[in-house]
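Reading through the structure tokens given below for one structure.
Values quoted throughout were computed directly from the atomic coordinates according to the rules given, and no laboratory measurement underlies them. Quick caveat, the model's predicted, so the values are computed rather than measured. Don't worry about glycine lacking a Cβ; one is built from the backbone with ideal geometry, like all the others, and counts go over all protein chains shown.
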Amino acid sequence: MVGTGAFTVLGLQLVDLQNTWTIISLWIVGGMVALFGAFSYAELGTYLPKSGGEYYFLSRIYHPLIGYLSGWVSLTVGFAASIALSAMAMGAYLEKFSRWDEKTIAAGMILLITLIHSMNLNVSRNFQNVFTLLKLGLITAIVTAGFSLPSEINSFDWSGTWKEELTSTSYAVALVYVTYAYSGWNAAAYIIGEIKAPKVNLPKALILGTLVVSILYILLQVVFLRQAPIEALQGKEEVGQIVGNYLFGYEGGRIISFSIAFLLISSISAMVWVGPRVVRAMANDHKIWQFLATDNASGIPVRAIWLQSGISIFLILTSSFREVLLYSGFVLQLFTTLSVGAVFLIRYQNKNRDSYRSPGFPFFQIFYLAISIWILVFLLYSKPRESIFGLVNLLLGAVSFWLSCRFSADSEQDKSS
């Protein structure tokens with residue numbers, strides 16, 4: 001869950017929103033949405049304890065087409081876009097200190113991490129755990145320094161302008177940036193089959209992880225606002241490096257920049273690791289995907305890993321950070337909304353009491369759905385180009401579902417004849 005957005009999206013928010021109350025409210029609301037989503041996914045995952053995330057949930061609860069489309073989005077946009085965004089942020093942090101440009105750095109890092117995850121499961125697991133712990137340590141260190149050291153100039157604006165900003169379309173778009181920053185709160189749901197005692201450990205992983213990271217994220221944004229002027233942050237992706245310069249001078253900022261870039265590796269690594277598990281789940285139901293889900297001798301779906309990384313590199317070479325974020329944000333928000341809504345169905349259509357039960361039901365779920373639907377409507381209204389691209393991707397997914405069904409029908413007919 002600890003990803004790119006914590007170090008990048010504040011600069012995008014500050015382009016249209018400058019009030020400090022507004023900015024803090026964005027991160028609080030985003031944290032609440034992630035936490036309430038985690039409660040919901042914990043219930044879904046313990047009720048349907050199988051790897052695959054939204055693909056498996058939506059296929060079983062709604063209809064195979066809905067689940068298929070969520071899997072299609074995960075394959076073509078969800079994980080690939082997250083990988084691309086993390087790599088682009090890493091490139092932005094390192095470009096000033098390297099002879100290579102941002103896109104070259106980003107593409108090269110994806111290739112390197114993909115190669116590491118193609119080796120064996122133990123290497124993947126250890127690599128991911130070490131880098132995640134280091135990144136949590138880095139955020140804690142920045143937060144501690146940011147509140148301890150004096151600040152000569154800051155971006156604070158405690159005026160009453162928040163009233164106008166809260167009702168603006170810019171607030172809804174900025175909330176997309178925040179929900180992207182919190183993305184990954186549901187990652188454990190994709191690998192339920194690899195979690196021991198999921199009815200106990202899945203809720204712990206989802207809920208405790210989301211709660212801790214949310215608190216750190218909110219404190220981190222306050223530190224960024226406290227330690228740098230708004231003019232220096234507006235529109236910039238490398239927010240951490242800019243604040244590092246103000247906190248520790250040029251050399252200190254350089255160290256912070258390298259540290260953040262280095263630890264963004266864990267964000268790329270997590271998505272490279274988890275994403276192909278969705279393809280594997282899809283391959284169990286749709287033969288058209290079996291060639292991608294074939295494992296190597298170490299039990300790793302290498303073909304799916306490299307396809308996903310190839311899509312990520314394509315996004316890096318053809319799009320900007322902001323375009324990828326908005327494009328992927330729309331379709332991903334759509335399917336997490338459907339998943340949280342599915343909690344109502346399993347509660348009222350089934351009598352299984354053995355699974356985890358979300359506290360705060362139905363209020364937590366209603367809050368999540370209200371915010372998500374609001375985001376989706378405003379994205380369609382204010383960012384129609386990126387939203388339409390997302391809908392076109394869904395249409396392509398529906399065509400591939402039809403082809404998959406035809407392929408399966410033809411295969412069955414050949415067997416019977």
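Simple spin-label estimate for Gln349 and Val212 gives 3.6 nm between the two label positions (7 Å along the Cα-to-Cβ direction from each Cα).
Here the spin labels are modelled as points 7 Å beyond Cα on the Cα-Cβ line, and at Ile28 and Arg385 they lie 3.5 nm apart.
Of the residues Thr294, Ile366, Gly390, the one whose Cα sits farthest toward the positive end of the charge dipole of the chain, with +1 on the Cβ of Lys and Arg and -1 on the Cβ of Asp and Glu, is Thr294. Most tightly packed first, judged by the mean number of other beta-carbon atoms within 10 Å of their residues, the peptides 18-25, 270-277 read 270-277, 18-25. Each label was represented as a point 7 Å from its Cα along the Cα-to-Cβ direction; for Lys199 and Ser159 these points are 5.7 nm apart. Summing charges over all other residues whose Cβ lies under 12 Å from the Cβ of Arg303, with Lys and Arg as +1 and Asp and Glu as -1, gives 0. The dipole here belongs to the stretch 5-416: it is taken about the Cα centre, uses +1 on the Cβ of Lys and Arg and -1 on the Cβ of Asp and Glu, and is about 1080 debye. Stretching Leu396 away from Glu251 to a fully extended chain increases their span by 47.3 nm, per 0.36 nm per residue minus the current alpha-carbon distance.
Ranking Asn350, Ala42, Thr76 by Cα position along the charge dipole of the chain, where only Lys, Arg, Asp and Glu carry charges on their C-beta atoms, puts Asn350 farthest toward the positive end. Summary value for the chain: 33 percent relative contact order, contacts being C-alpha pairs under 8 angstrom separated by 6+ residues.
Among the listed pairs Lys163/Lys383; Lys50/Lys204; Lys103/Lys236; Lys50/Lys199; Lys96/Lys236; Lys50/Lys287, a Cα-Cα separation exceeding 21 Å is found for Lys163/Lys383. Peptides 97-108, 150-161, 58-69 ranked from most to least packed by the mean count of surrounding Cβ atoms within 10 Å: 58-69, 97-108, 150-161.
Within the chain, the ratio Rg/Rh, alpha carbon atoms throughout and Rh by Kirkwood, equals 0.97.
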